[in-house]
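Asks: Once you've had a glance at the structure underneath, I'll fire off some questions.
What follows draws every value from the coordinates through simple rules; no lab data is involved. This one's a predicted model, so the numbers in the text were calculated from it and none came from an experiment. Using ideal geometry, Cβ is built from the backbone for each residue, glycine included, and neighbour counts are taken over all protein chains shown.
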Amino acid sequence: MRILTVDLQAFGPFTKVSLDLSGGQEGLHIIYGLNEAGKSAALRALKALFYGIDHQTKDNFLHDNRNLKIGATIRHSDKAEFAFIRRKGTKNTLLDTKESPIVDSALQKHLGGVTREQFSTLFGINHEILAKGGMLLVAGGGDLGESLFAAGTGVTGLRDALHGLQKEADDLFTPRGSTKAINSLMSRYKAAKKKSSELSLSSSEWADHDAALREAMAEKKKINDELTKLRTDERRLDRMQQAFPIITERRELSNRLDELKDVPLLDPSFPNERRSAISEMNKARSDARKAEDDLNLIGKQQKELSVPEPLILQSKVITELHKRLGSHLKAHKDLPALEGQREVLQADATKILSELRPGLDLQDVELLRLTETKRIKISDLGGQHQALLDDEKRTTETLDELETDLARTKEDLQRFEAPRDPSDLRFAIRRALKQGDLEERLRTGRARLKDMERQANVDLKALPLWSGMIEDLEALPTPSSETIDRFSFLFDELKSKTRNIEDRIKRNHGEIDKLDKQIKTLQITGSVPTEPELIRTRERRDSGWALVLRAWLHNEDVREESKALDPEASLDKAYEKDVKKADDLADRLRREAKRVEKLAQLLAAHEQGLEMLGKYKEELDGVLEERFKIETEWNEHWTSTGIKPQSPREMAGWLKKQEQIISKAKSIREDRGEVGRLEKLVQEYDKDLRACLGRLGQDMPAPDESLNSLIDHCQALVDEIEEKAKQRRNLEKEAKALDKRRSDAERKRKLAHAARGEWKEAWGKAISELGLSNETSPSQANAFITKTQDLFEKIDKKEGFHRRIQEISMEAEQFEADVKSLLKKVAPDLLELPVNQSVENLNERLGKAGKDAATLKQLEKQQGEKEKALREANVTIREKEDRLEAMCRKAGCSDYNDLEKIEPMSTKKRNLMDRITQLESELQRISHGGGMTTDELNQETEKVDPDELTARIEEAKQKIKEQQNRLSEIDNRIGGEERELKKMDGSAEAAEAAEQAKGILAQIQSHTEQYMVLRTAYAILSHEIERYREANQDPILQRASQLFSELTSASFSGIKPSYDERDNPILLGIRPSGEEVTVDGMSDGTCDQLYLSLRLASLEKHLEENEPMPLIIDDILINFDDDRAKATLRLIAELSNKTQIIFFTHHQHLVELAETNVNEGVLFTHTL
């Protein structure tokens, strides 16, 4: 792609500025401009043209963003042209020439997939990039891979990037380190895990569950091992079941193959070859018979033809005479007419001569014949006559007109006043315009400031917990975000602990309620005796027995005490009742031992649940007390602000709103400063412009007139002054030109008069030879010459007719003599006929003889072709007979007619062999799936009854299913034991340690991901650099070596690859003497030129494989001496034959160097 035109319609300092870059094959275009001429803006415009104008562009100081536009016409390498416009905006920024939007993809064909970054790095180079590239060559020690990669991609800083990636990765982790981030975290993680393990609850119950878990895990392993064995056996049986029909079929096919062992194995193509050979042999025999018949017919036709040889030998003479016969007859017919025309021309010539020169005889007419030279001279002089008259008249009229115009121009010039110099005013306007629309910016700034102040006040009023001024809010000593995050973590942790304890309390209540329900359910079916109840009953019974003994043995009155046993019954009855009750309870305890045991368990669990509930409530009280302390500390952090804080999460949101308000306050102060600066600028430029108007003697505009109106007023004045100065210069220039033209006109009038005098003298002399006077006009002389020419034309024609008549007579005599001479040789029988008849007859005989000779020749040709066909057919017959005989030998028969019977048996044998091979391949697949050979599979299959296989496979599957069910039960047991162990591990400190370990592990994961990204990036970049070196080292270094020699003016003869002491590939410079120089031994300028040679060589290789793109160069030669600058200019001029070069510079001497060292057809200069 190349750029044909660039139209800087409105961009940076440019307005409607066009650059024509279409010159040359591709062209070296130097764009020169002084400082502040807009060179940098033009550079930015080229990039913006293809990839869009930057959102934060610096080129809107003269034109508003919405008016920024750049246009261009570009041409693809296939000669397709594309004209477009780029405007500033967020969408639809690419327009056609009618400013209608077009899609950005319309440019892709011309850009060839080059991105914005690639365009900047690969197709753009300035002095800074060149110097940096040279320095990085030295810093890298001339590393070959880095040097080629940097030059080929335009990317600099590769070594810094690699070192940066290496350092960042090493800061995260080193294998033997201890203080690196990941190493330190790993140590902390191990410590936290160890602490968690040490703090976990250890008790006999935990040990029981742990033992049960281990036992279940061991049983699971045993079942898995059994399952593996069963599945292996099932697969083995399944393989044998698959193999049985295959082995059986292979055995049957092998037996059938043995029956065909004597049948030869023929190629699959054998039948087709046989049929083809027989068909071709039969066709050849048919062709041979036909060729023999044709030869017999040709021989018969040859005998019937006869050709007269003497007549054939004279064929050319006869043909020529026949052609002359027509001319002879025509001439004989035309002779009377020719004689009549000769007499008419004689009479006409006599008449014309009498008119020209009466009394002059026709025999003396040659006195009047003019030479061609004299006739042309008279004609030329005659043609000049009118032109000389017109020229003399025209020069006189022109002189009069010029004298009149000169007088009028001098009068107009006297009416103009003395010119005034508006340069100060123009400079003041330009300074003001460079700032853009100051008043619009000031108006926008004030409006924005007002909106921001209003919004800040709204936000301040909407901020909860605060009613002070915005300045006080900025100075508020709020806690740091880290403090808030810490308290947020503490509150979240306490909330989590509280929720955890409350959940445990809730679960505990649920378990107690469940136990109560179970106890009630057990008691609904009948009271359940308990040991305590039995003890109480027996104690009551023993108390009654003591009363009985006292009443019986000691006759004590125990009636009152016996009422405690039963107030209704007597002591003996009450005691008997208690004895029976105790005995019944003891019997029930024995009979209902299971219910008794179940109730005892439920009561024990109920008591344990109540005990745990008390512990949980104590733990909850401790957490609530801790929460109170943290809330107190949290409130203390806000005491100095006078704010009663809400939760840390809510206060984090409050702080974010505070920061937004503070940020707006800062923006308000900045905008106030900007508004003040703009107001000052408006006043300054207003004062400056008015001072300039005063110096020009102009009336001052109104004091309240806006700056834009004042600029427009001043610009109009400048335009008016410059227009008048321009008009005065134009009049002065016009007067000068008119005076010069008047002098020229006066000189031309004199020349025209002298030329007409010379013509009259030459004219008189020329026509005197015709016997005409000097007063004869050119038209009269031309009429005389015309009649003279007519006279001589008639005389010449008459002489021509006379000669033609004589020629006809002579040709007739000669024709008759030639005919008779020929007839005597070839046809004496025609001598008595008239000449014309004898010639016709002779020509007819020749035609017939020619046809017979041609027929005979054609027959001879056909005879040769048929003989050749006969030979070829016989050769084919022999070849096919030999081929069929060879096929019979291969098939083991003597007659090729027997081959057709043998072929099906051979095909059958081949099919059997193919099927056996296929079966063996299938057996091999089955055997390999079980890790055995085919022979081993055969041997194992022979030991098994195929009728039992299905039952054995089903039996194996059933066993596998049973083991899987057992495995599922074991997994449930394992899950239950693990849940019990998890419940028992309730230590808060252990949980905190585990949580801490989890947090550290998350950090390790994050750092590890970052470490892997850095190491991967380092590896990829290193690999790509090395891959690029291997792919491009030879072609690029070879070209770069030539370029480096030229760029250094042969101070170096080239470059070559080598290796340093660590076997890393590096670049070396080669002196003409053969001395090798490392890059750190080169000067800064030479390193720059080495980098440039690598860049140019890489670019040339890129151009061989991709769509050309313009190379943008910005003042890279400012530190080059003249010799090396000239060499560089010549090289980029050579490169411009392959791609367009656009060279920007501030330096006039570089333009001059280019003009003296680059061909005109290649170099094109432009001035901004």
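Asks: Using DSSP to define loop residues, name the trypsin sites (Lys or Arg not before Pro) in the stretch 1111-1168 whose beta-carbon has at most 16 other beta-carbon atoms within 10 Å.
Replies: Details: sites: 1124, 1126, 1130, 1138; in loops: 1138.
Qualifying residues, ordered by number: 1138.
Asks: For the charge dipole of the stretch 481-641, defined by +1 on Lys and Arg C-beta atoms and -1 on Asp and Glu C-beta atoms about the Cα centroid, which residue among 632, 620, 545 has the Cα displaced farthest towards the positive pole?
Replies: Of the listed residues, the answer is 545.
Asks: If you take every residue apart from residue 326 with its C-beta less than 13 Å away from the C-beta of residue 326, what net charge results, scoring Lys and Arg +1 and Asp and Glu -1?
Replies: With Lys, Arg at +1 and Asp, Glu at -1, the net is 0.
Asks: DSSP loop (so not H, G, I, E, B), at most 14 other Cβ within 10 Å: list which trypsin sites (Lys or Arg not before Pro) in the stretch 487-564 pass both filters.
Replies: Details: sites: 495, 497, 499, 504, 506, 507, 514, 517, 520, 536, 538, 540, 541, 550, 559, 563; in loops: 563.
Those that pass, being in a loop and sparsely packed, are 563.
Asks: Given that compact globular proteins tend to follow 2.2 N^0.38 Å, what is the ratio of the alpha-carbon Rg of the stretch 1020-1168 to that value?
Replies: Against the compact-globule rule of thumb, the ratio is 1.12.
Asks: Here's a follow-up. In straight Cα distance, which lysines are under 30 Å from residue 957, not counting same-chain residues fewer than 8 positions off?
Replies: Answer for residue 957, where 30 Å is the Cα cut-off: 220, 221, 222, 229, 943, listed by chain and number.
Asks: In units of 2.2 N^0.38 Å, what is the alpha-carbon radius of gyration of the stretch 849-969?
Replies: Against the compact-globule rule of thumb, the ratio is 2.62.
Asks: Hey, how many Å between the Cα centroid of the stretch 277-338 and the Cα centroid of the stretch 208-259?
Replies: Using only Cα atoms, the two centres lie 97 Å from each other.
Asks: Which percent of the Cα-Cα distances in the chain go past 44 Å? Walk me through the numbers before you get to the answer.
Replies: Working: 541118 of 681528 pairs.
Looking at the chain, the distances longer than 44 Å represent 79 percent of pairs.
Asks: How many nm separate the modelled label positions at residue 632 and residue 337, each set 7 Å beyond the Cα in the direction of the Cβ?
Replies: It is 15.1 nm.
Asks: Another question, if that's okay. With unit charges on the beta carbon (Lys/Arg positive, Asp/Glu negative), name the residue among 1151, 842, 483 whose Cα is farthest towards the positive pole of the charge dipole of the chain.
Replies: 842
Asks: Hey, which lysines would be in cross-link range of residue 573, C-alpha to C-alpha under 24 Å, not counting anything within fewer than 8 residues on its own chain?
Replies: In chain and number order, the partners are 563, 581.
Asks: Tell me, what is the Rg over Rh of the stretch 481-641, with Rh the Kirkwood radius over Cα pairs?
Replies: 1.36
Asks: I want the local charge near residue 93. Using Cβ-Cβ distances under 13 Å, sum +1 for each Lys or Arg and -1 for each Asp or Glu among the other residues. Could you put the intermediate results ahead of the total?
Replies: Working: positive: 66, 69, 86, 87, 88, 91; negative: 54, 96, 99, 104.
Result for the local shell: +2.
Asks: Determine the principal axes of the Cα atoms in the stretch 249-292, then give the extent along each, sorted from largest to smallest and rounded to whole angstroms.
Replies: 60, 16, 10
Asks: A further question on this structure: Just to confirm the filter: which trypsin sites (Lys or Arg not before Pro) across the stretch 1035-1108 are DSSP coil and have at most 14 other Cβ within 10 angstrom of their Cβ? Could the numbers behind the result be given before it?
Replies: Values: sites: 1039, 1062, 1095, 1101; in loops: 1062.
Those satisfying the criteria are 1062.
Asks: What does the charge dipole of the stretch 481-641 about its Cα centre add up to, to the nearest 20 debye, if the Cβ of each Lys and Arg holds +1 and the Cβ of each Asp and Glu holds -1?
Replies: Dipole of the stretch 481-641, to the nearest 20 debye: 900 debye.
Asks: So what are the ³J(HN,Hα) numbers for the stretch 634-642, from phi and the Karplus equation (6.51, -1.76, 1.60; θ = phi - 60°), rounded to whole Hz, Gly and Pro as x?
Replies: 4, 5, 4, 5, 9, 4, 5, 8, x
Asks: Residue by residue, what Karplus-based ³J(HN,Hα) values in Hz, rounded to whole numbers, does the stretch 785-797 have, using 6.51, -1.76 and 1.60 with θ = phi - 60° and x for Gly and Pro?
Replies: Here the 3J(HN,Hα) series is 5, 5, 5, 4, 5, 4, 4, 5, 5, 5, 4, 5, 5 Hz.
Asks: Same structure again: Determine the calculated [θ] at 222 nm for the chain from helices alone, applying -39500 (n - 2.57) to every DSSP H run no shorter than 4 residues and normalising by the residue count; nearest 500 deg cm²/dmol.
Replies: The per-residue figure over the chain is -25500 deg cm²/dmol.
Asks: If you don't mind, another one. Once you sort the root eigenvalues of the Cα gyration tensor of the stretch 17-101 as a ≥ b ≥ c, which label holds: rounded (a/c under 1.5), prolate (a/b larger than b/c) or oblate (the other case)?
Replies: Cα axes put the stretch 17-101 in the oblate bin.
Asks: What aspartates and glutamates sit close enough to residue 377 to cross-link, taking a C-alpha to C-alpha distance under 16 Å and skipping anything fewer than 8 places away on the same chain?
Replies: 758, 761, 769
Asks: Also: Dipole size in debye (nearest 20) for the chain around its Cα centre, Lys and Arg Cβ +1, Asp and Glu Cβ -1?
Replies: The dipole of the chain has a size of about 1700 debye.
Asks: Please rank 692, 888, 893, fewest neighbouring Cβ atoms within 10 Å first, as an exposure proxy.
Replies: Final ranking by Cβ density, sparse to dense: 893, 888, 692.
Asks: If Lys and Arg each add +1 and Asp and Glu each add -1, what is the summed charge of the other residues whose beta carbon sits under 12 Å from the beta carbon of residue 620?
Replies: Here the count lands on 0.
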